[in-house]
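What follows is a set of notes on a single structure, which appears directly below.
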Amino acid sequence: MRKPLNFQLIKGLVTDIDGTLILHGKPIAGAIEAINTLRKRGIKLRFITNTTGRSPSQLADMLISLGFDVEAHEILTSVTACADHLKANFSNKGGYFAVPDNTAQILENLGIHVSNDEESAEYIVIGDLKESFDYPLLNRLFNYVYQGAHIIAFHRNPFFFEEQKVWLDSGAFTRVFENIANVKATITGKPSPALFESAIASMALLPEQVCVVGDDVQSDILGANKAGLRSILVETGKFEAVHLGEAFPQADAYTSSFAELPRLLINQIPS
Ligand SMILES: [Mg+2]
């Protein structure tokens with residue numbers, strides 16, 4: 001049994017964006033005011049998302065246009081976590097980037113030199129290349145992994161939904177490579193710890209002073225649990241009542257929406 005969450009100790013929030021702050025492109029009621037109140041009371045904020053196609057500054061522009069007070073450096077994505085991982089573990093080492101141009105551009109802007117080392121890739125990065133995953137590319141990636149290259153990927157999802165159909169996703173290939181080579185990929189998106197750890201490292205707070213907020217038990221809450229962080233599940237976005245049951249990852253606290261956080265953390269009603 002974990003100790004109850006002491007809201008008074010919380011000095012920073014790592015919050016999900018979609019379904020937690022915005023829904024269908026519009027702010028969740030009261031979320032903008034809640035962010036403002038939390039900031040006034042000195043709560044540090046980081047915003048995390050598994051998006052690979054948009055940079056932190058593009059995401060900041062989107063949130064600012066909706067009325068949120070955010071800065072690009074406060075936004076972390078599975079791509080920024082990948083850049084952090086590469087800098088920490090593979091600086092000055094060659095790798096092979098199987099990523100689309102927009103992801104490559106974001107990595108370049110984060111200081112990663114995205115040039116494919118075809119001779120001696122010590123790691124591969126698997127992005128969402130969709131129809132560009134042809135046999136020569138998959139075989140090339142397989143050969144790097146077979147020769148010992150580390151696998152870095154943004155997620156392990158085998159498929160995704162679009163246009164009322166299911167589509168094979170890049171996580172399927174990540175799983176195949178892991179399986180054949182009997183290795184584990186480093187996954188930089190939620191629910192893997194990398195993104196959460198990147199966020200904590202950027203806040204200059206102790207993990208016990210930080211709480212994760214999200215609407216998705218399988219990415220936000222499970223991710224917080226894996227990273228050893230406390231969490232609050234908001235009952236908006238992907239939330240369903242069934243998620244409160246023991247079959248799902250359990251949060252430390254629940255609240256009807258992000259708008260309630262100032263009341264929980266600092267006994268303040270947003271103004
Ligand atoms: Mg969400």
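The values are calculated or read from the model by the stated rules, or taken from the named source; none is laboratory data. Remember, it's a predicted structure, so these values are computed and weren't measured experimentally. Cβ atoms come from the backbone with ideal geometry, glycine included; neighbour counts cover every protein chain shown. What goes into the accessible areas is simple: the full protein's heavy atoms, side chains included, and nothing from ligands, DNA or RNA. Shrake-Rupley method; radii C 1.70, N 1.55, O 1.52, S 1.80 Å.
Listing for the model above:
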read-out	value
Residue within the stretch 182-189 that is at positive phi, in contact (Cβ under 8 Å) with a residue 12 or more places away in the chain and not hydroxyl-bearing (S, T, Y) present	no
Pair list, Cβ < 6 Å and 6+ apart or interchain, from the stretch 212-234 residues that are without any contact (Cβ under 8 Å) to a residue 24 or more places away in the chain to residues that are more than 10 Å from the ligand (Cβ to nearest atom) and part of a loop (DSSP other than H, G, I, E, B)	S231/A251; S231/D252; L233/A251
Residues located in the stretch 204-234, provided they are out of contact with any Leu (no Cβ under 9 Å at 6 or more places or on another chain), at negative phi and surrounded by fewer than 24 Cβ atoms within 10 Å (Cβ to Cβ)	L205, L206, Q218, S219, L222, N225, K226, L229
Count of residues meeting criterion [within 18 Å of I28 (Cα to Cα) and either of a type in the set (F, W, Y) or not in a loop (DSSP other than H, G, I, E, B) (or both)] in the stretch 254-271	9
Residue selected from the stretch 116-133 under the condition surrounded by fewer than 16 Cβ atoms within 10 Å (Cβ to Cβ) and hydroxyl-bearing (S, T, Y), by the criterion farthest from G148 (Cα to Cα)	S132
First in the stretch 8-27 and more than 14 Å from A251 (Cβ to Cβ) and β-branched (V, I, T), second anywhere and within 12 Å of the ligand (Cβ to nearest atom) and assigned to a loop (DSSP other than H, G, I, E, B), Cβ under 8 Å, 6 or more apart	I22/I28
Breaking point among (1) away from the ligand (no atom under 16 Å from the Cβ); (2) assigned to a helix (DSSP H, G or I); (3) modelled with pLDDT of 95 or more; (4) open to solvent by 20 Å² or more (accessible area, probe 1.4 Å), for M62	(1)
Leading residue by the ranking (nearest to N139 (Cα to Cα)) among those in the stretch 100-111 that are in contact with an Asp or Glu (Cβ under 9 Å, 6 or more places away or on another chain) and open to solvent by 20 Å² or more (accessible area, probe 1.4 Å)	P100
Filtered residue count, the stretch 9-44, keeping only those that are part of a strand (DSSP E or B), within 16 Å of the ligand (Cβ to nearest atom) and either open to solvent by less than 20 Å² (accessible area, probe 1.4 Å) or out of contact with any helix residue (DSSP H, G or I) (no Cβ under 6 Å at 6 or more places or on another chain) (or both)	8
Any chance A251 is assigned to a helix (DSSP H, G or I) and open to solvent by less than 40 Å² (accessible area, probe 1.4 Å)	no
Within the stretch 191-225, considering residues that are among the small types (G, A, S) and in a loop (DSSP other than H, G, I, E, B), the one farthest from the ligand (Cβ to nearest atom)	A204
